[in-house]
1. Do you know which residues across segment 327-355 are of a type in the set (A, V, I, L, M, F, W, C) and closer than 30 Å to residue 299 by Cβ?
2. Determine which single condition residue 435 fails, assuming it passes every other condition in (1) part of a helix (DSSP H, G or I); (2) of a type in the set (D, E, K, R); (3) closer than 29 Å to residue 335 by Cα.
3. Between 339, 363, which is among the hydroxyl-bearing types (Ser, Thr, Tyr), surrounded by fewer than 15 Cβ atoms within 10 Å (Cβ to Cβ) and either over 24 Å from the mean Cα position of the chain (by Cα) or farther than 21 Å from residue 235 by Cα (or both)?
4. Taking residue 159 as the residue in question, decide whether it is in the same structural domain as residue 24 (by TED's automatic domain parsing), surrounded by fewer than 20 Cβ atoms within 10 Å (Cβ to Cβ) and within 30 Å of residue 90 (Cα to Cα).
5. Does residue 475 count as modelled with pLDDT under 85 and of a type in the set (Phe, Trp, Tyr)?
6. Counting only residues that are buried (at least 19 other Cβ atoms within 10 Å of the Cβ) and among the aromatic types (Phe, Trp, Tyr), which one in segment 250-288 is farthest from residue 219 (Cα to Cα)?
7. Can you tell me which residue within segment 120-156, out of those that are of a type in the set (D, E, K, R) and surrounded by fewer than 16 Cβ atoms within 10 Å (Cβ to Cβ), is farthest from the chain's Cα centre (by Cα)?
8. Residue 237 passes all but one of (1) without any contact (Cβ under 8 Å) to a residue 40 or more places away in the chain; (2) within 23 Å of residue 7 (Cβ to Cβ); which number fails?
Amino acid sequence: PQQVVVLTNSPLEEQLWVGDFCHSRGIKLVVADTRGLFGQLFCDFGDDMVVTDTNGEQPLSAMVSMVTKGCPGEVTCLDEARHGFETGDFVTFTEVEGMDELNSCGPVEIRVLGPYTFSIGDTSGYGDYVRGGIVTQVKMPKHIRFKRLRESLAEPEMLLTDFGKAERPPMLHWGWQALHRFMQQHGRPPRPRHQGDAAEVVAMARELAPGAELDEELLRELAFQATGDLAPVNAFIGGLAAQEVMKAVSGKFTPITQWLYFDALECLPEENKETLLTEEQCRPRNSRYDGQIAVFGADLQAKLGNQKYFVVGAGAIGCELLKNFAMVGLGCGPEGSITVTDMDTIEKSNLNRQFLFRPWDVTKLKSERAAAAVREMNPALRVSSRPDRVGPDTERVYDDDFFEALDGVANALDNVDARLYMDRRCVYYRKPLLESGTLGTKGNVQVVVPFLSESYSSSQDPPEKAIPICTLKNFPNAIEHTLQWARDEFEGLFKQPAENVNQYLTCVGGGDNFWGGGGHPWVHRGTPPP
């Protein structure tokens, strides 16, 4: 039986029918749609969705220095490190001396009092605390009830993505329904920048939400962009939908409840928008870029084609950048170009996230194969590849002439040193820099524009707690790498097998933990995937 159904580019009548069908049979539903710079996502995961792990993080732990007797009792952790807990978290205690009752009680809910202290309920009847103890966070199951699409349309629950635009999602909720009604009546979406079609969509929104205070300008913009089709917005909403599918089948991470509306209207020109974006500028031209021209106009499309960009890195982010650049037509004009460089070769483990590569590409250069793949996606793309590491030793390759000719640089790097170097080069040559990075489910983007924003080097991240496992195994280059390698070896040889045996013995009703006392979970925080 089906576990999840995903609807894209679907009329509202179909969404409602499928929504009723799925909800009544316990099938989870995700609806995703994009209109130019606007995006919509809806989730219905049933009447009782159980989330076993709300954030996917390793459980936090801290060392205890004091527990008071009282109602509530207060726990103080060692001053060296903040505990990191939040009010409402549940914790367990091990290795507490004196107040032994804490070791045997189940998970208790806490209330945070400060970075090193929290309260845990009534401890007045417990023994006197002597010393020691480790407090560990416990992931408690969370039950979430989802309304079916039909109910949720009338009483929407929305997740905000931008608190600076908090008033927009309710408007877009009605605007999207008005779009569906327009398309049902006319058999087509509103035409790009067509004032009559946009006015009709606004009137329909007023009928759907009588008495509501609507932002007519926002609704007109949604109608103007109804035929818009932008690769980056599709990638973003599609990525969110894929993540929601993984949440639906795994019970891990907190799902979106239930509507998410997204817009990137800041991408439109701020000045002279009405003269730059006219119905004539945005009309279809029987081009592969018509979905983009509908949003930004033909002049910007020509300008995109003639951009010269440098992509540094062809790994997971590099593949995404190159794909999006090929789709939007960047560097596809007679004067445009994209140069991609990466000294690395393709490994089998790259294939699950660096999607431009295939099994037969393993052992070949990433930059070369990535360039070939995007050239197939868009034959007009003028892309060249290089195998050179960026750094002082290649400044004869990436020299003054090379940088002066560029319109911008996009970083797709995996280390801070190379990022700092590229940032210095972009500041020196006064070139815009697009900086980004990912780690598991986390990601960041920074846009550096000369004379307008700070540079990448202007701020500094705290030192990384974890070391990538690929660095440990293949190229340990710092003292802490060798220490971490030794700790991983020790845990693999002596800790993990013993814990597995203990877990097995516990499951079958076996005896005590033969370590003689619980392990120290704070010793090892784990490492991210390569």
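1. 327, 328, 330, 332, 338, 340, listed by residue number.
2. (1)
3. On the way: 339 fails: surrounded by fewer than 15 Cβ atoms within 10 Å (Cβ to Cβ).
Answer to the check: 363.
4. Yes: the conditions hold for residue 159.
5. yes
6. First pass over segment 250-288, keeping only residues buried (at least 19 other Cβ atoms within 10 Å of the Cβ): 255-256, 258-263, 277, 282.
If we keep only those that are among the aromatic types (Phe, Trp, Tyr) too, we end up with 259, 261-262.
Working: 259: 18, 261: 13, 262: 14 Å.
Applying the filter and picking the extreme gives 259.
7. Looking at the filtered set, the residue picked out is 128.
8. The number of the failed condition is (1).
The values are calculated or read from the model by the stated rules, or taken from the named source; none is laboratory data. Given the structure is predicted, the values throughout are model-derived calculations rather than measurements. Positions of Cβ are backbone-derived with ideal geometry, glycine not excepted, and every protein chain shown enters the neighbour counts.
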